Every structure is written in structure tokens, then in C-alpha cells.
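Quick note: the coordinates plus some simple rules give every number you see, no bench work behind them. Given the structure is predicted, the values throughout are model-derived calculations rather than measurements. Note: ideal-geometry Cβ built from the backbone for every residue, glycine included; neighbour counts use all protein chains shown.
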Amino acid sequence: MSSENVLTVAVCNPQADYCAYTKGVDYLIQVVQDLSLARDLSRIMEIVRRAARVLTGSDGATFVLREGEQCYYADEDAIGPLWKGSRFPMNMCISGWVMDHCESVLIEDVYADERIPADFYRQTFVQSLAMVPIRCEEPVGAIGSYWATKTLPTPEQMRLLKALAGTTAVAMENVRIHAEMEQRVRERTAELEAANQEISQLSLTDELTGLYNRRGFLLMAHQQLREAHRSGKTAELLLADVDGLKSINDRLGHEAGDRLLIRAAQVLRETFREIDVVARIGGDEFVVFGTMMQTHDHLRQRLQNGIARSNRGCADGIQLSMSIGVVRCTACKDFTLEKLLNDADIAMYHVKRTHHAASPRPTVN
């Protein structure tokens, strides 16, 4: 569409009027099709500003939006500058009058109409204008056509301009609905992603301690073990059992036992690296898996130091102690995670049996 295709009307020739009107209707049909495909307001304004000139044979057209109590001249297509980008109070411009009164206007001489702020027009080419509201009830904007000489559009041209405004209202509503639907889809997608992430997190995480659960441990540790096999690194697995948890639960209640488990998890989290896989795999059993960690004795000592710090800062007087088993493997496929867990379990219970009498036991001060 271009202004070169302006539909001119010979007022003195009814046959020419009819032909021009027919061409205008055909053109408007194409405009309606273009507007039906528009997905944003800028595209609507681009189509409408050009169509307004073509359908009325005018020298310029503006697309005005209502913004509260202001008229915003959002776009224009004209032989000279008009008011694009400007905002005026509703009671200071003809587009505001049109929107307030829900009526179209034809003004042959802009300097002879008291509704026109003449000073704003002296700097433009405008001598005559037609303005129609976008939407009959509670207009959301207006479309203006302007002429550089004193001109009145024909009734047929005004019908076409009003039809364009009606189609524009529908297109703007469609864009609004489409934008709302897209926003709802984005919000729903974000909600689903968050829910899926939460479900995934819950499926891999121990609810009480926030550490990995057995499933999470097996998933993450298998990945690290495969990496150890590829890179030739050594891998270490530490299994720790909270001593006397059943006794604490029986004597002080499960809330006290839960607090002790949470402390044990905190000690493990603070003692080991972020890259190590730390998990609670059973009621009182915790496991740590990592590569290139330190010696058995050093790992045990680090954990015991962490336990001692926790006990010194303990507010409820329940002392934490843990039996610890550690195994190490070189990077070969003969070592599986299941074998490491089994070997660590044997080592842990050996420690528990051997040092049961001498090991710190959970007590209440």
C-alpha cells in the first residue's frame, strides 16, 4: 500500500463516485485482511495510517491513542510533519473532542472552528480535516485525515474511513487478547517449569535435611564415578551412621531425633566440598562420595572435628556422634558404586563394633 494509489473522486460525476467507492471497498477488504494478521500495535498503526490516506485521498493521516486524559499522537503518514510523539490534554485537541463525544467530525476550515487550537495548526500544512473515533463506545483512539487545501471528503469516503476505524478497533482488541494469551502462556509455562523443577528436586532431595536422598545420591554419584573412570582419578566413599538415634527418639521424641539428623547433615555439608555428593540414604545413614579427596584418617578426623564443633555449640544438650566407614578405589570398572557402598558399610560396622565402648555416645547433658 502506498500514497501513490490515492483514490480520487470526481464530485461532479456520480459514475466516477461509484467506481471510486467500489475501488475503495476492494482496497478496504485487503486492509481488513492485513489487519487480521497484525500481532502488535505498531503494525496496526503502519497499516491504518497509510490506508486512511488512500481511502480519503488526503495529504496526511494520524493515529491517535487515548492515554487517560491525554491524546497521544502515536503515528502519522503525511506530506509534512504533524504531531507525531506529542501528547495533548483531551480538551485541547479535536481528537479529544471526537473521543469524548464518540462522534466523527468534518472541518473544512480548521481556522474557523472553535474546537481547533489554531496555534498548533499554523506550523503545519493542514487546512481541512476529518476525524473518526476508534470504537463507537468508549473510544480508545481516533484516526485523522488532513488536507493541504480546503476540502471536504465525500460521504462515501467518510463511510470508508469509519469502516477503517471499526476494523482498527477489532484489530486492536485482537492484539490485546493475543498479548494476554501469550502472557498467560508464558506465566503458565513458568509455573509448570517451576513445578517440574520442584518435583524433580523433591524426587532427589531428602525433605528433612535438604541433602540428596538415596535416589539423588545414586544419580549424582554414578555420574562422578563414570568421570573418575574416564579421567583416572581415585574415588572415595564415606558412610556415616548417627549413633544412638533410636534411643534419642524413644526417650526424647522424634522432634529431638530430627534435630539431631539436621545437625548431622549440617556438619557433613560444612565439612565436605561443594563438588562432593552428600546424601542421607536412610533413617540414620549418611553418605559422601567424591574424587581426589584425602586419606581415610584425614577424612575421619575432619568429620570428627566438625562433630566436636557442633556439640560445643549445641543448645539442646544432645551430643552428636557418628560411626564412620571410608573406602577408596582406583579408577577401574571393577569398582561399582554398589560395591563401594557395601565395602563402606562393612568398614563402618567394623568401627562401630570395635570402638563401641570408647566412641562418644549420644547423651543429654
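Between K352 and R251, full extension at 0.36 nm per residue minus the direct alpha carbon distance yields a gain of 34.2 nm. Just checking my list [x] 23, 26, 9, 22, 18, 1; [y] 25, 46, 24, 4, 0; [z] 31, 60, 9, 0 against P(r) over Cα pairs in 20 Å bins from 0, in percent computed from this structure; which label fits? Here P(r) over Cα pairs in 20 Å bins from 0, in percent agrees with entry [x]. The calculated FRET efficiency for the pair A118 and Q30, based on their C-beta separation and a Förster distance of 25 Å, comes to about 0.10.
Across the stretch 3-180, C-alpha contacts under 8 Å between residues 6 or more apart give a mean separation that, scaled by the residue count, equals a relative contact order of 23 percent. Computed 3J(HN,Hα) for the stretch 63-72, one whole-Hz value per residue from the Karplus formula 6.51 cos²θ - 1.76 cosθ + 1.60 where θ = phi - 60°, is 10, 10, 10, 8, 10, x, 9, 10, 9, 10, glycine and proline marked x. For the chain, relative contact order (Cα pairs under 8 Å, six or more residues apart, normalised by length) works out to 12 percent.
Residue-wise HN-Hα couplings along the stretch 248-260, as the Karplus relation 6.51 cos²θ - 1.76 cosθ + 1.60 with θ = phi - 60° gives them from phi, are 4, 4, 5, 8, 10, x, 5, 5, 5, x, 5, 4, 5 Hz; Gly and Pro carry x. Over all Cα atoms in the stretch 14-121, the spread is summed up by Rg and Dmax: 15.4, 45 Å. Residues whose amide H lies under 5 Å from that of I134, counting only those 5 or more places away or on a different chain, are V140, G141, A142, I143; hydrogens are built 1.01 Å from N in the peptide plane.
Annotation for C136 and S231: the two label points, set 7 Å from Cα along the Cα-Cβ direction, are 7.4 nm apart. Averaging over every viewing direction, what projected area does the convex hull of the Cα atoms of the stretch 214-354 cover, in nm²? The Cα convex hull of the stretch 214-354, projected and averaged over all directions, gives 8.3 nm². For the stretch 214-354, calculate the relative contact order in percent as a whole number, restricting contacts to Cα pairs under 8 Å that are 6 or more residues apart. Relative contact order comes out at 37 percent.
Projecting label points 7 angstrom from Cα along Cα→Cβ for E173 and E193 puts them 3.3 nm apart. The order of the peptides 26-35, 263-272 by mean Cβ neighbours within 10 Å, most packed first, is 263-272, 26-35. Calculated [222 nm] ellipticity per residue, helices only, for the chain: -17000 deg cm²/dmol; basis is -39500 (n - 2.57) per DSSP H run with n ≥ 4, divided by all residues, nearest 500. In terms of Cα atoms, the Rg and Dmax of the stretch 128-253 work out to 34.5, 101 Å.
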